[in-house]
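Remarks on the structure that follows.
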Amino acid sequence: MSARAAWRLCASAVLLALALVLVACGSSRPKPVELGAVVPLLPVHQVWQAQIGAVDSLVLSPSVHGSTVVLASRGGAVTALDARTGASLWRAQLSEVLSAGVGSDGDRAAVVSRDRQLIVLQAGRELWRQPLPAQTFTAPLVAGGRVFVMTADRSVLAFDGQTGYPLWNQQRRGENLVLRENGLLMAVGDTLVAGLSGRMVGFDPDSGLIRWEAPIATARGTNDVERLVELLGGVSREGSVVCARAFQAAVGCVDTARGALLWTRSSHGARGIDGDAQALFGAQSNGTVQAWKRADGAPLWSYDVLRYRTLTAPLLLGRSVVVGDDSGLVHLLSREDGTPLNRLSTDGSGVAATPVVADKTLVVVTRQGSVYGFRPD
């Protein structure tokens, strides 16, 4: 990539981030309603707390394998914690500021630095690193002995997991702006699935050749910001069917075995979704939590008491839908109708990533880098 092209890409990311901040923080934005006390219909207690270093603007996607959760801070700390106790299993301190992470297969962990370095660790020691052609905000995927990366210029790259040797690079042109959010990059059977400009795309992981494409949303706006329809990380998979959100445009499901779009429904949200065989759950941009029927996208219920709070993508956990907000609260809502089951407090700096569950422990990370482990009573 030329210096001029790299500058355009960086400038585009900055402009988009500024536009989103202005929309979210404008003086006309209504204030969230006071929530008041909540009756803990689902009793939960904090069992441990740890510190990993400030997350701040790092696009963090925690990686879970069994009872281990791997996390990273913006300042370059990569940490594996035992979700049962909060104890550190290993920790590596890199000298770089990070922009995306963490991808892990339980053996190797991968992060991306702000200066476009893909860094792979094993047991807390750096194994190798490779330069990337553009900035990256999507956590790398470590699978099948390889490391896959999707960069902000819509390149998808593959590297040998042990040596870092580049295997292939596929690039797709898209809109001028890029989204500073975790994008869709996952393995489904023997297919690498990525989100590229509103389309779910299936790649041959060995060669990088495209097997199929399925459009969830099409860019139709009158300006670059309105035309952003990137597919977001945080999806619901049942067998070969993957359901995902296109940024501020739609929610839809694709049968990845055939590359066939099953359905799509208009929906304005900026975070991913979760769900099971019966229902999907997501937060709209205004803070309304929405549930859809998985079979066809028909609305099931919506809960609007959290409006005007910036919410994470949801985690479906048993009979509850878990979302964090920008004030550091964690809301447990009923999967049946959205009514509150409990509300948990953290350090007040805002929940930095979608909550995850590891070995029956709900793990929540804040912007200041506090990590909380919660369990039901």
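If you go through the range 192-205, how many residues are more than 19 Å from residue 240 (Cβ to Cβ) and outside any strand (DSSP E or B)?
Residues that pass the stated criteria total 2.
From the residues in the range 223-261 that are more than 17 Å from residue 194 (Cα to Cα) and hydrophobic (A, V, I, L, M, F, W, C), which one is farthest from the chain's Cα centre (by Cα)?
Applying the filter and picking the extreme gives 225.
Could you grab me the full set of residues in the range 109-122 that are farther than 17 Å from residue 150 by Cβ, assigned to a strand (DSSP E or B) and open to solvent by 10 Å² or more (accessible area, probe 1.4 Å)?
If the condition is that a residue be farther than 17 Å from residue 150 by Cβ, assigned to a strand (DSSP E or B) and open to solvent by 10 Å² or more (accessible area, probe 1.4 Å), then 122 is the only one that fits.
Say we look at the range 350-377 and pick out the residues that are part of a loop (DSSP other than H, G, I, E, B) and open to solvent by 30 Å² or more (accessible area, probe 1.4 Å); which of these is nearest to residue 42 (Cα to Cα)?
Looking only at the range 350-377, we keep the residues that are part of a loop (DSSP other than H, G, I, E, B), and these are 350, 352-355, 359-360, 367-369, 377.
Of the ones still in play, those that are also open to solvent by 30 Å² or more (accessible area, probe 1.4 Å) are 354, 359-360, 367-368, 377.
Working: 354: 20, 359: 18, 360: 14, 367: 26, 368: 27, 377: 8 Å.
Per the criteria, the residue is 377.
Any chance the range 146-156 includes a residue that's within 27 Å of residue 248 (Cα to Cα), in contact (Cβ under 8 Å) with a residue 60 or more places away in the chain, under 22 Å from the mean Cα position of the chain (by Cα) and part of a loop (DSSP other than H, G, I, E, B)?
Residues of the range 146-156 within 27 Å of residue 248 (Cα to Cα): 148-156.
Restricting the remaining residues to those that are in contact (Cβ under 8 Å) with a residue 60 or more places away in the chain gives 152-153.
From what's left, under 22 Å from the mean Cα position of the chain (by Cα): 152-153.
Subset that is part of a loop (DSSP other than H, G, I, E, B): 152-153.
Yes, the range 146-156 contains at least one residue that is within 27 Å of residue 248 (Cα to Cα), in contact (Cβ under 8 Å) with a residue 60 or more places away in the chain, under 22 Å from the mean Cα position of the chain (by Cα) and part of a loop (DSSP other than H, G, I, E, B).
Would you check which residues across the range 310-339 are open to solvent by less than 50 Å² (accessible area, probe 1.4 Å) and over 24 Å from residue 99 (Cα atoms) and list them?
316, 320, 321, 322, 329, 330, 331, 332, 333, 334, 335, 338
From the set of residues in the range 286-297 that are part of a loop (DSSP other than H, G, I, E, B) and either among the hydroxyl-bearing types (Ser, Thr, Tyr) or open to solvent by 30 Å² or more (accessible area, probe 1.4 Å) (or both), which is farthest from residue 267 (Cα to Cα)? First the steps, then the outcome.
Taking the range 286-297 first, the residues part of a loop (DSSP other than H, G, I, E, B) are 286-288, 294-297.
Filter once more, keeping what is either among the hydroxyl-bearing types (Ser, Thr, Tyr) or open to solvent by 30 Å² or more (accessible area, probe 1.4 Å) (or both): 286, 288, 295-296.
Values: 286: 11, 288: 11, 295: 16, 296: 14 Å.
Per the criteria, the residue is 295.
Quick one: which of 183, 202, 195 is modelled with pLDDT of 95 or more, crowded, with 18+ Cβ neighbours inside 10 Å, more than 25 Å from residue 111 (Cβ to Cβ) and not acidic (Asp, Glu)?
Details: 183 fails: more than 25 Å from residue 111 (Cβ to Cβ); 195 fails: more than 25 Å from residue 111 (Cβ to Cβ).
Only one candidate qualifies: 202.
Limited to the range 61-108, what total is found for residues that are crowded, with 18+ Cβ neighbours inside 10 Å and without any contact (Cβ under 8 Å) to a residue 24 or more places away in the chain?
2
Condition first: of a type outside the set (Gly, Ala, Ser), modelled with pLDDT of 95 or more, open to solvent by 10 Å² or more (accessible area, probe 1.4 Å) and in contact with a Phe, Trp or Tyr (Cβ under 8 Å, 6 or more places away or on another chain). Can you find one or more residues in the range 123-131 that meet it? So that I can check it myself, show each step before the final result.
Kept after step one, since they are of a type outside the set (Gly, Ala, Ser), are these residues of the range 123-131: 125-131.
Right, trim to modelled with pLDDT of 95 or more and you get 125-131.
Subsequent filtering for residues that are open to solvent by 10 Å² or more (accessible area, probe 1.4 Å) retains 125-131.
So of that shortlist, the ones also in contact with a Phe, Trp or Tyr (Cβ under 8 Å, 6 or more places away or on another chain) come out as 130.
Scanning the range 123-131, I find at least one residue that is of a type outside the set (Gly, Ala, Ser), modelled with pLDDT of 95 or more, open to solvent by 10 Å² or more (accessible area, probe 1.4 Å) and in contact with a Phe, Trp or Tyr (Cβ under 8 Å, 6 or more places away or on another chain), so the answer is yes.
The values are calculated or read from the model by the stated rules, or taken from the named source; none is laboratory data. All values derive from a computational prediction rather than experimental measurement. Here Cβ is always computed from backbone atoms with ideal geometry, including for glycine, and neighbour counts include all displayed protein chains. For accessibility, only protein heavy atoms count, side chains too; no ligands or nucleic acids. Shrake-Rupley method; radii C 1.70, N 1.55, O 1.52, S 1.80 Å.
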